[in-house]
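These notes concern the structure reproduced below.
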Amino acid sequence: MKSMGIQPTVFNVNSLIHGFLEACSLNEASSLFDEAVESGIATVYTYNIFLYHFSKDGKVKEACSLWQRIMTNGLVPSNVTYNNMILAYCKVGNMDMAHTIFSEMVERGFKPNTITYSMLVDGHFSKGDAERALDVFYEMVGVHIAPSDYTFNIIINGLSKFGRTCEASDMLKGFVQKGFVPSCMTYNNIINGFVKEGAMDSALRGLQSDVPAFSALIDGFCKKRDMVRACELFSELQQVGLSPNEILYSSMISGFRNVKNMEAANDLHKKMINEGIPCDLHIYTTLIDGFLRQALLLTFLYNALIAGHFREGNLEEASRLHNEMLDRGLVPDDTTYDILVNGKAKGENLPSGVS
């Protein structure tokens, strides 16, 4: 634009700065910002873009420096400017300074909004002060500022994390009466809270029909080594038309490993493979750890190698590995024979020594 003699507007500059920051190009954004300030086209909105970038990452020093430049250049902060500064202090847990900025905001005639109060509530929960968080929430309601869905979720999640899930559940009922529509994440926070408290029956009563909710409960039962209940929920999940994902399989496999049932763990692993669900490093590490505990690792590794060679059509090498397995005194398991039978079904010859 400049090469054509066209001066960029503040809108153009703000859009470019925002884009550079989104692309993590801080140097380019800073250069453009400085140029906009020097040319006099930068507005408080221009500063707010940069201020939010620093505040969301808790970079208080940089945020304060920018705040000082706003004042020095004679610009009037906006609600957004104050909110950004409050956010910066909340992110680093300096709630005293966050409230100092809040008080200054009110004294200068700015009206705190839902975002302002929500950040303070979240900041206190993050700092570990649930009572102060609730005080701010009730203050918000007292001055007739309507909480948003974001605010409600902060309250539910915060109380659940602090072992006050029953209270969170009761508050949720009140929120719903006021028109709040809970998301799956809201219910999952409640369920995770009950699971952490060991209140599995309460968690079951709050169960919603989505995979993350089932996953939270199943993981809880697996960690309690109650694989009977975990399996019941695993079956129920499929009965209501949902499909287990990698996270859920990982919990189940870890659970069976912990109760030394590697046959069941391996069956789930095979089920994952058959359904095309990818296995990550954690799942393979869990399986290997379980097999090592039961001295079954070599059989597992031979099975994997034999299956791999069958898939590649390397029948001779598959046969050699099977014979080597027998020569080493390893006893083929059900998985070994499944691999061999599947190879035969595909028209491949069975390795020697298999009846």
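Distance between the 7 Å Cα→Cβ label points at Asp226 and Glu131: 3.3 nm.
Convex hull volume of the C-alpha atoms in the range 46-172, normalised per residue: 98 Å³. By the compact-protein rule of thumb, 2.2 N^0.38 Å, the alpha-carbon radius of gyration of the chain corresponds to a ratio of 1.44.
With all pairs of separate Cα atoms included, the range 1-112 yields a Kirkwood hydrodynamic radius of 14.6 Å.
Structure note, pairs Lys111/Lys178; Lys56/Lys223; Lys127/Lys173: Cα-Cα distances above 29 angstrom occur for Lys56/Lys223. Using the Cβ-Cβ distance between Asp149 and Ile247 with R0 set to 30 Å, the FRET efficiency from 1/(1 + (r/R0)^6) comes to roughly 0.75.
For the range 209-289, a simple Cβ point-charge model (Lys and Arg +1, Asp and Glu -1, everything else neutral) yields a dipole of about 280 debye relative to the Cα centre. Compared with the dominant Cα axis of the chain, that is its longest principal axis, helix 262-274 is turned about 70°.
For the range 287-336, what Kirkwood radius comes out of the mean inverse Cα-Cα distance, in Å? Before the final figure, lay out each step's value.
Working: mean 1/r = 0.0901 Å⁻¹.
By the Kirkwood definition, the hydrodynamic radius is 11.1 Å.
Counting only Cβ charges, +1 for Lys and Arg and -1 for Asp and Glu, the dipole size of the range 1-112 around its Cα centre is about 160 debye.
Using Cβ contacts closer than 10 Å as the measure, can you line up Arg311, Arg229, Arg257, Arg108 from fewest to most? Write out the running numbers ahead of the final one.
Numbers: Arg311 13, Arg229 16, Arg257 21, Arg108 10.
Lowest count first: Arg108, Arg311, Arg229, Arg257.
Helix 315-327 and the longest principal axis of the Cα set of the chain meet at an angle near 70°. Here the extension length gained between Val259 and Glu312 equals 15.6 nm, from 0.36 nm per residue of separation less the Cα-Cα distance.
What is the ratio of the Cα radius of gyration of the range 113-199 to 2.2 N^0.38 Å, where N is its residue count, to two decimals?
Values: Rg = 12.1 Å, N = 87, 2.2 N^0.38 = 12.0 Å.
Scaled against compact globular proteins, the figure is 1.01.
When the chain is described by a simple charge dipole with +1 on each Lys and Arg Cβ and -1 on each Asp and Glu Cβ, the residue from Val341, Ile70, Asn323 located farthest towards its positive end is Ile70. Take the Cα of Asp280, step 7 Å toward its Cβ, do the same at Asp96, and the gap between the two points is 4.1 nm. Per residue, the chain reaches -23000 deg cm²/dmol at 222 nm when only DSSP H runs of four or more residues are counted, each adding -39500 (n - 2.57).
Applying 1/(1 + (r/R0)^6) with r as the Cβ-Cβ distance of Glu236 and Asn27 and R0 = 56 angstrom yields a FRET efficiency of 0.55.
Every read-out reported here was derived from the displayed coordinates using simple, explicitly stated rules and does not represent laboratory data. All of these numbers come straight from a predicted model, not from anything done at the bench. Counting neighbours? That spans all protein chains shown, and the Cβs are built from the backbone with ideal geometry, glycine included.
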